[in-house]
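The values are calculated or read from the model by the stated rules, or taken from the named source; none is laboratory data. No experiment lies behind these values; they were computed from the predicted model shown. With ideal geometry, Cβ positions are generated from the backbone for all residues, glycine too; neighbour counts draw on all protein chains shown.
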Amino acid sequence: AQSVTQPDIHITVSEGASLELRCNYSYGATPYLFWYVQSPGQGLQLLLKYFSGDTLVQGIKGFEAEFKRSQSSFNLRKPSVHWSDAAEYFCAVVSNNNDMRFGAGTRLTVKP
Amino acid sequence: EAQVTQNPRYLITVTGKKLTVTCSQNMNHEYMSWYRQDPGLGLRQIYYSMNVEVTDKGDVPEGYKVSRKEKRNFPLILESPSPNQTSLYFCASGDWGGTDTQYFGPGTRLTVL
């Protein structure tokens with residue numbers, strides 16, 4: 001079965017600094033990859049997704065992610081973090097049979 | 001407003017007392033799914049449904065049942081809850097499958113004593 005690893009449990013960045021959240025997946029075929037964000041006490045909201053085509057994917061709120069097949073990675077980036085970006089971020093992979101696996105999540109703290 | 005609703009939002013119960021958490025979506029989505037969220041483990045899929053009367057096991061189905069008699073509803077049933085089922089539960093729906101964008105409900109925090 002497919003799996004996702006998010007190596008960083010918690011990341012702290014200063015407001016205005018750049019951000020990169022790491023995601024590595026394991027799946028034999030071409031993966032469907034997602035990044036979701038969860039604000040405190042809320043459900044999850046989709047930031048962006050990759051199915052095929054251009055490996056650099058643009059999402060909402062100024063986020064982007066790059067699919068690198070050779071590294072089995074799908075890292076999330078933002079050039080300048082805002083205080084409202086403080087949340088938990090989840091990477092997920094879906095197989096062809098609709099079985100969805102999430103990573104354990106990375107909690108982002110933004111320092112003023 | 002397009003949304004996924006779950007009820008109840010909070011529930012404290014005792015071991016062995018059957019309970020049902022309801023999930024309803026108003027977006028006419030084919031796909032619905034249940035997840036549990038535990039600290040350090042992220043979200044794990046319990047069951048999913050591609051359409052009415054079609055359900056499949058996810059990663060952690062033991063101790064849970066689901067049904068999909070109507071397109072809009074996908075209740076999660078715990079026949080005999082145990083303390084290890086204490087968790088935060090999310091229902092989600094999507095237009096055409098797990099590879100589509102999923103829309104999540106607000107969550108149900110369940111405590112089993």
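Restricting attention to region B:87-113, the residues being under 30 Å from A:L48 (Cα atoms), more than 12 Å from the chain's Cα centre (by Cα) and not in a strand (DSSP E or B) number 7. When the criteria are applied in full, A:G28 meets the requirement of being of a type outside the set (A, V, I, L, M, F, W, C), more than 27 Å from B:S93 (Cβ to Cβ) and assigned to a loop (DSSP other than H, G, I, E, B).
Hey, does region B:94-101 have a residue that's hydrophobic (A, V, I, L, M, F, W, C) and within 14 Å of chain A (Cβ to nearest Cβ)? Looking through region B:94-101, at least one residue is hydrophobic (A, V, I, L, M, F, W, C) and within 14 Å of chain A (Cβ to nearest Cβ). Candidates in region A:30-51 are the residues that are polar (S, T, N, Q) and at pLDDT below 85; of these, the one that is farthest from B:R36 (Cα to Cα) is A:T30. Criterion applied to B:G40, B:G16 was being within 11 Å of chain A (Cβ to nearest Cβ) and not hydrophobic (A, V, I, L, M, F, W, C), and the one residue passing it is B:G40.
Listed by position, the strands (runs of 3 or more DSSP E) inside region A:65-112 whose residues that are at pLDDT 95 or above and at the interface with another protein chain (Cβ under 8 Å from one of its Cβ atoms) number at least 1 are A:87-94. Taking the residues in region B:1-59 that are closer than 21 Å to A:M100 by Cβ and touching an Asp or Glu at 6+ places or on another chain (Cβ under 6 Å) as candidates, determine which candidate is surrounded by the fewest Cβ atoms within 10 Å (Cβ to Cβ). Filtering first and then ranking leaves B:N51. Residues that are assigned to a loop (DSSP other than H, G, I, E, B) and either within 14 Å of chain A (Cβ to nearest Cβ) or not hydroxyl-bearing (S, T, Y) (or both) within region B:62-86 comprise B:E62, B:G63, B:R68, B:K69, B:E70, B:K71, B:R72, B:F74, B:P75, B:E79, B:P81, listed in sequence order. With respect to B:Q45, determine if the residue is of a type outside the set (D, E), more than 10 Å from the chain's Cα centre (by Cα) and not in a loop (DSSP other than H, G, I, E, B). Here the answer is no, as B:Q45 does not meet what is asked.
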